[in-house]
Amino acid sequence: MAIPRVHSLKLSPDDSRLVSVVQTLNPDGKSYGTALWAIPLGGEPYRLTRSAKGETAAEFTGTGDLLFTSSRPDPTVKDADEEVAALWLLPAGGGEARRIAARPGGVGAFRTAGDTVVFASDVLDGEEADEAERRKARKDAGISAILHEGYPVRYWDHDLGPGRTRLFAGRLGPDGLEDVRDLTPDPGEALRDAAFTLTPDGRTVISTWRIPLSHAEQRVELVAIDVESGERRTLASEEGHDFGGPLAVSPDGTKIACVRERHAALDRSVRIELWIGDLATGEGRTYAPDLFPSDVVWAPDSAAVHIAADHQGRRPVFRVTLEDGEVTRLTADDASYLALNVSADGESLYALRSGVALAPGPARIGLDGAIADLPSPAPRPETPGTLTEVTATADDGVTIRGWLVLPEGASAADPAPLLLWIHGGPVASWNDWQWRWQAWIMARHGYAVLMPDPALSTGYGQGMIDRGWGDWGPRTMADLEAIVDAALTRDDLDAERTAAMGGSFGGYMANWVAGHTDRYRAIVTHASLWHLDQFAGTTDAAMYWQREFGPAGSERYSELSPHLALDKITTPMLVIHGDKDYRVPIGEGLRLWWDLRRSGVESKFLYFPDENHWILKPGNVVAWYESVLAFLAHHVLGEEWKRPESVA
């Protein structure tokens, strides 16, 4: 928990330094703080900011000043609301940061180009002029009620409304952001969680725009908004598809690169592709088939883009040439890359480099594929063991691969107990460093951890996703069984001491495994789907779910719901769930816990009243690991049960 974490990377316009947001454990050990760090190209990192509230979302202006958001107090503003984030500027030449923009609903994401700044803010319906007073009146009256007339009503761990996201634009002046104006005065829910960017001249905002459809469905389009007039035109819209971030406008201001996602259906899997379109006409096409872009940045000549995309348990950087669509892999190592930046001359890329055994840190990438790690504000920790790959052939002939974390000392004479870790998603992959589910902590305690990529995993082409679409339990379990069998042929693993774990979709699979095999001594299921019919209408985004499974009560629910195999479960289970989880609501955990108890299955329930889909508070994370380790020690290692001190 005390290891500093590098979360972002931005390159200055003059290519002299990078800036990163670094997260560290606060002195009280109960929370995290953030600060901005500079990483000179050719020097040692140094800290830029030191406020108690912390700083996030750094962006350089064209002149090298640094913009960031923070809820730190402003001594120059009387009665400033310190509960919401404002926009701050740190001068390139040094000096104190100063607040340049604030809103009653706070400042969220922002972008800058030239002397233009565009930012998002939460705004109550009605007249903007008296919003601060209306917010105060609502708070003073103790009103928390929200009247909804559309769907959805909540997201991940928070309720939506009563405010709605709007975009504001202003001009950087000597004393702050001047001529601030509302670009989207009546957006409804169109800008909720919007991704947006600016053209290089600062004249046009390119943003996602949600369109409500019948039967609680929706589509996400791309729009272009004129910064001067606020005039909006639809740039990209396609039935059955969403357009979304990351968004990047070409340096010559003529093209937009983004992600296009195909809407799923019962017989059609989700598909995510790189899409590049013309800003004048909106005409575009997809590139790099079978690569799911996680990040995109343009080459300075606007003739190519660089993307980071999952591939075979890694996330390499690829170069995609527009003229012929040629895709070239630039990084040949085992690492995963994010936060791509390109130098002004186009000869170098800068990114966060990480991997299953490598905590994130800044690196330089040459166009020839040469990679050099840079000094980091957060030195990487050593990992206690070794990392290797395992492959297997599934029953349909498809190759299944995964990472195997081996603890120090594992050998034929002293084989390690095996933990099967099933990733979430399900459209995801084990390819990067994990701050939540950290396999090396388990290795430190003597366990080997198998992290496979079964059906529905990214980085193996669209066919891997198609194989598991609408067939979550049986198809995925067959793949898991194949790779577990292959791993256990190793003489440094103990086939008699095994356990399975998973969270979210991995939790669904943990529950499915529990009802379809007794090969494991223990199963840990975190934030898991249990009763699919119940889950279908209570998750925060039911429309996505029902595209694949149909409305509640459809055939797939009776085929794929883990609760229907309750009478087959004999393996001891540890159920973990957070009350603030809106993606997989707490009702799933409560229902699973009740069903296990009434069926007499040996089980325990680790409940977090103040956590969401993941466990994030430092003390709760400690309780999570201690409880999991105690449960495994008892059932897998045969040790006497000892209640962890953190939950005693």
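The values are calculated or read from the model by the stated rules, or taken from the named source; none is laboratory data. Fair warning: this is a prediction, and the values are worked out from it, not measured in the lab. Note: ideal-geometry Cβ built from the backbone for every residue, glycine included; neighbour counts use all protein chains shown. Side chains are part of the model used for accessible areas, which takes the heavy atoms of the whole protein and leaves out ligands, DNA and RNA. Shrake-Rupley method; radii C 1.70, N 1.55, O 1.52, S 1.80 Å.
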Sorted by accessible surface (1.4 Å probe, heavy atoms of the protein chains only), largest first, Glu221, Glu496, Glu323 come out as Glu323, Glu496, Glu221
If you stretched the chain out fully between Leu564 and Arg547, how much longer would it get, using 0.36 nm times the residue separation minus the C-alpha to C-alpha distance? 3.9 nm
Within the range 111-134, find all residues whose amide N lies under 12 Å from a label point positioned 7 Å from the Cα of Ala141 along Cα-to-beta-carbon. 134
Once each part is reduced to its C-alpha centroid, what is the distance from the range 199-214 to the range 77-151 in angstrom? 20 Å
Gyration tensor verdict on the range 406-551 (Cα atoms; rounded if a/c is under 1.5, prolate if a/b is larger than b/c, oblate otherwise): prolate
Accessible area of Glu548 in the full protein assembly, 1.4 Å probe (Å², nearest 10): 10 Å²
Suppose only helical runs count, i.e. DSSP H with n ≥ 4. What mean residue ellipticity at 222 nm does that imply for the chain under -39500 (n - 2.57) per run, divided by all residues and rounded to the nearest 500 deg cm²/dmol? -4500 deg cm²/dmol
Please say if the range 163-314 is rounded, prolate or oblate, where rounded means a/c under 1.5 for a ≥ b ≥ c the square roots of the C-alpha gyration tensor eigenvalues, and otherwise the choice is prolate for a/b larger than b/c and oblate otherwise? oblate
Can you classify the range 273-412 as rounded, prolate or oblate using the Cα gyration tensor, where a ≥ b ≥ c are the square roots of its eigenvalues, rounded means a/c under 1.5, and otherwise it's prolate if a/b beats b/c and oblate if not? oblate
Cβ crowding within 10 Å averaged over residues, with 456-467, 265-276 ranked highest first: 456-467, 265-276
Where the Cα atoms of the range 1-121 are projected onto their three principal axes, how long is each span, largest first, in whole Å? 43, 41, 24
Which label marks the calculated value of Rg/Rh (Cα atoms, Kirkwood Rh), given the options (i) 1.12; (ii) 0.96; (iii) 0.98? (ii)
Net charge around Tyr582, counting only other residues with Cβ within less than 13 Å of its Cβ (Lys, Arg = +1; Asp, Glu = -1)? -4
Kirkwood Rh (inverse of mean 1/r, distinct Cα pairs), the range 192-233, angstrom: 11.2 Å
With angles folded into 0 to 90 degrees, how steeply does helix 618-635 sit against the dominant principal axis of the chain? Use alpha carbons for both and round to 10. 20 degrees
Express in nm, to one decimal, how much length is gained between Trp435 and Ser554 on full extension, taking 0.36 nm for each residue of separation and deducting their alpha carbon distance. 39.1 nm
Lys, Arg +1 and Asp, Glu -1 on Cβ, resulting dipole of the range 226-316 about Cα centre, debye, nearest 20: 320 debye
Ignoring ligands, DNA and RNA, what percent of the 1.4 Å accessible area of the range 116-221 is carbon and sulfur? 50 percent
So how compact is the range 602-648: Cα radius of gyration and Dmax in angstrom? 11.3, 32
Residue-ordered couplings for the range 281-292, obtained by feeding phi - 60° into the Karplus form 6.51 cos²θ - 1.76 cosθ + 1.60 and rounding to whole Hz (Gly and Pro as x), are 9, x, 6, x, 8, 8, 9, 6, x, 6, 10, 9
Of 44-53, 7-16, ordering from highest average Cβ density within 10 Å down gives 7-16, 44-53
Over the range 524-648, what per residue volume does the convex hull of the Cα atoms give, in whole Å³? 108 Å³
On the formula 1/(1 + (r/R0)^6), with r taken between the Cβ atoms of Arg50 and Tyr155 and R0 of 35 Å, the FRET efficiency rounded to 0.05 is 0.60
Accessible area of Ile143 in the full protein assembly, 1.4 Å probe (Å², nearest 10): 90 Å²
Spin-label model distance (nm) - Glu347 vs Ala280, 7 Å beyond Cα toward Cβ: 3.3 nm
Surrounding charge for Thr63, neighbours by C-beta under 11 angstrom, Lys/Arg +1, Asp/Glu -1, total -3
Need the list of lysines near Lys580 for cross-linking: C-alpha distance under 23 angstrom, and skip anything on the same chain fewer than eight residues off. Lys30, Lys139, Lys604, Lys617
Filter the trypsin sites (Lys or Arg not before Pro) in the range 96-161 down to the DSSP loop ones having no more than 14 other Cβ atoms within 10 Å, then list what survives. none
Test of understanding: what is the full-extension gain from Thr321 to Arg203, defined as 0.36 nm times their sequence separation minus their Cα-Cα distance? 39.8 nm
What list of ³J(HN,Hα) couplings, whole Hz, do you get for the range 552-566 from phi and the Karplus terms 6.51, -1.76, 1.60, once you set θ to phi - 60° and write x for glycine and proline? 3, x, 6, 4, 5, 5, 6, 8, 10, 7, x, 5, 6, 9, 3
Formal net charge of residues neighbouring Tyr460 (Cβ-Cβ distance under 12 Å; K, R +1; D, E -1): -2
